[in-house]
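The values are calculated or read from the model by the stated rules, or taken from the named source; none is laboratory data. In this text, all values refer to a predicted model and were calculated from it rather than measured experimentally. Cβ: placed from backbone, ideal geometry, glycine included. Neighbour counts: every protein chain shown.
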Amino acid sequence: MFHRLQSPLGSLTSQGSQSESRSETSQSNGRKAPLTLFFANAEFFKERVLDAVAKSPTPVRWLVVAAEPVTSVDVSAGDTIAELDEALHAQGIEFCFAELKDPVKDKLKRFGLFSQLGEQYFFPTIGAAVSSYLEINGVEWEDWEDQAKR
């Protein structure tokens, strides 16, 4: 299950399982706007994630946040991420991040989130997260691009 977050924290919509979304920010005249996860929008983010999980037509095992556009996280957002992780774990869901910028990673480490979520659930790319999921869960997968080459 892949989701896309558009218009900073505006809509979380289901994507097909074979697609990956990299457009996680609002678009204005073709430019990406940076996204800050902070006290005023962190709870909304949490609610949208939990709602998407609840409405998923298939069981969710991992939730990967494509965090490339996130430029900052404050301590309130860190607390909300910790709460979201606990809520997801209670449902048997691993909470992961991909494409975090180093300064944001450093903040999450200071907030203790690398320890809580597990450093193995922070990925350099969305593709690395997907590959890890497939390997850990023993999923046989042939990418549609590879199928098209045959």
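The residue that is farthest from residue 36 (Cα to Cα), counting only those in region 69-106 that are surrounded by 18 or more Cβ atoms within 10 Å (Cβ to Cβ) and charged (D, E, K, R), is 94. Between 42, 33, which is modelled with pLDDT under 90 and buried (at least 17 other Cβ atoms within 10 Å of the Cβ)? Checking each option against the conditions leaves just 42. Counting only residues that are assigned to a helix (DSSP H, G or I) and either β-branched (Val, Ile, Thr) or out of contact with any strand residue (DSSP E or B) (no Cβ under 8 Å at 6 or more places or on another chain) (or both), region 70-109 holds 15 of them.
Does residue 65 fit the bill of being surrounded by 15 or more Cβ atoms within 10 Å (Cβ to Cβ), in contact (Cβ under 8 Å) with a residue 24 or more places away in the chain and not in a strand (DSSP E or B)? Judged against the criteria, residue 65 is not a match.
Residue by residue, here is whether (1) free of Cβ contacts under 8 Å to residues at least 40 places away in the same chain; (2) in contact with a Gly (Cβ under 8 Å, 6 or more places away or on another chain) holds:
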residue: 59; (1), (2): yes, no
residue: 73; (1), (2): yes, no
residue: 113; (1), (2): yes, yes
residue: 116; (1), (2): yes, no
residue: 133; (1), (2): no, no
residue: 146; (1), (2): yes, no
